[in-house]
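K.L.:
Can you keep this structure in mind? I'll have questions shortly.
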Amino acid sequence: MSNDPIPIARPLLGEEEAAAAREAILSGWVTQGPRVQAFEQAFAGRFGAPDAIAVSSCTTALHLVLHALGIHAGDEVIVPSMSFIATANCVVHAGATPVFAEVEPRYFTLDAADVARRITPCTRALIVVHQVGNPADLAPLQELATRHRLHLIEDAACAIGTEYRGRPIGSHGSIACFSFHPRKIITTGDGGMITCHDHDLAIRLRGLRQHAMSVSDLARHRSSRVSIEVYPEVGFNYRMTDIQGAVGLQQLLRLPHLLARRRELAERYARAIAAMPVLARELGPHAEPPWGRATFQSYCVHLLRPERDREALMQALLDRGIHTRRGIMTSHREAAYCAPDRPTVSLPVSEQASDRTLLLPIFPQLSDGDQDRVIAALAEALAS
Ligand SMILES: *Cc1c(COP(=O)(O)O)cnc(C)c1O
């Protein structure tokens, strides 16, 4: 058994991705082109959406969607505070105001009852996060969105392969934004994807990601007729490169294995916690919502004893070569969102959920032996 440090996460990339990237590079076409298009089609097919639009990240995906929906200054968008800060930032990028709502304490997904209390005449949209790949309970949120005429946008950064009521995220009728950052389920280095069930909106998103150009580079390249493009509005450069598209296609082929191995590791953690009294007393296992299937993008344990010092525990684990991370952050307590001129927000459920959770190493190549080292180090650190 090795004594090498165990990282919190590691993407699974191999010869197939390297060969695909090489082929794209040597083809002479490296920006958004045929491989991005093929990746979009494969992604849309896999996740049950009529359209998929590739972009440079999940953050730019969310911003592009808010912009395309016409959300602007004076509008409010309800988001969970307990999320990666990009969920709130994209609202600010659009010029609107993020309104923070509470999450469900076991699964860290938006609490519909709390969302309902925060709807005002200025509310235009909800961003529902499938946090750490746990499906949010979409039905009551969709019902609220319909009743109040709000757009429902899914932040599915961690949810490539998440299922809600038996169907994948991407197939539920709303707009979903996915991430290909190396910490997520599949990676293209960086990158994002929007799935969409409104074809006119999809066409608009496709234009806006490339300067709102009326004819794409690829279409002009393939055309035997001269075509002059026009720019009907101000757009963005949020393109994915064809090198990334080529890598993404290979990653999609690996998806069944990636999801199966993550689930296996999650089940091994849960069994170890249940079986070892020192762990069972201190840790609550990652909880999977009853309404769907999680991806286990992170393995998030709950610290059950209030007196347990989380940072000391993380340090004790790091001293044994085991990398962990604090639970998912809250945005409303970061300087970016709690400037003196902003109203103070109190979100006790989110604060508790964020402060009393810990992320353990989980990634498809983590061997059973190395996971056992994590478990043994936890038992040792918690025994003291
Ligand atoms: C990672 C993450 C993002 C940002 O994704 P990028 O592709 O890095 O922009 C947004 N939201 C959530 C919930 C995330 O976990």
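K.L.:
Does Val99 satisfy the criteria of being out of contact with any helix residue (DSSP H, G or I) (no Cβ under 8 Å at 6 or more places or on another chain) and either over 22 Å from Asp198 (Cβ atoms) or assigned to a strand (DSSP E or B) (or both)?
P.N.:
Spelling it out, Val99 is indeed out of contact with any helix residue (DSSP H, G or I) (no Cβ under 8 Å at 6 or more places or on another chain) and either over 22 Å from Asp198 (Cβ atoms) or assigned to a strand (DSSP E or B) (or both).
K.L.:
Counting just the residues of the stretch 55-73 that are within 16 Å of Ala202 (Cα to Cα) and over 15 Å from the mean Cα position of the chain (by Cα), which one comes out surrounded by the fewest Cβ atoms within 10 Å (Cβ to Cβ)?
P.N.:
Result: Gly70.
K.L.:
Can you tell me how many residues in the stretch 5-25 are open to solvent by 100 Å² or more (accessible area, probe 1.4 Å) and either modelled with pLDDT under 95 or of a type outside the set (Asp, Glu) (or both)?
P.N.:
The qualifying residues number 2.
K.L.:
Can you name every residue in the stretch 78-95 that is open to solvent by less than 10 Å² (accessible area, probe 1.4 Å) and away from the ligand (no atom under 14 Å from the Cβ)?
P.N.:
Ile78
K.L.:
Continuing with this model, one more query. Just a yes or no: is a residue in the stretch 170-189 in a strand (DSSP E or B), hydrophobic (A, V, I, L, M, F, W, C) and over 20 Å from Leu141 (Cα atoms)?
P.N.:
no
Rundown of residues vs (1) surrounded by fewer than 24 Cβ atoms within 10 Å (Cβ to Cβ); (2) without any contact (Cβ under 8 Å) to a residue 12 or more places away in the chain; (3) at positive phi; (4) away from the ligand (no atom under 16 Å from the Cβ), yes/no style:
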{"site": "Val115", "(1), (2), (3), (4)": "no, no, no, yes"}
{"site": "Thr120", "(1), (2), (3), (4)": "yes, no, no, yes"}
{"site": "Leu138", "(1), (2), (3), (4)": "no, no, no, no"}
{"site": "His148", "(1), (2), (3), (4)": "yes, no, no, yes"}
{"site": "Ala159", "(1), (2), (3), (4)": "no, no, no, no"}
{"site": "Gly170", "(1), (2), (3), (4)": "no, no, yes, no"}
{"site": "Ala176", "(1), (2), (3), (4)": "no, no, no, no"}
{"site": "Gly189", "(1), (2), (3), (4)": "yes, no, yes, no"}
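K.L.:
Is it the case that Ile203 is surrounded by fewer than 17 Cβ atoms within 10 Å (Cβ to Cβ), in contact with a strand residue (DSSP E or B) (Cβ under 9 Å, 6 or more places away or on another chain) and not in a loop (DSSP other than H, G, I, E, B)?
P.N.:
It is true that Ile203 is surrounded by fewer than 17 Cβ atoms within 10 Å (Cβ to Cβ), in contact with a strand residue (DSSP E or B) (Cβ under 9 Å, 6 or more places away or on another chain) and not in a loop (DSSP other than H, G, I, E, B).
The values are calculated or read from the model by the stated rules, or taken from the named source; none is laboratory data. Model, not experiment: these values are computed from the prediction. Backbone-built Cβ (ideal geometry, glycine too); neighbour counts: all protein chains shown. Keep in mind that these areas ignore ligands, DNA and RNA; they rest on the heavy atoms of the full protein, side chains included. Shrake-Rupley method; radii C 1.70, N 1.55, O 1.52, S 1.80 Å.
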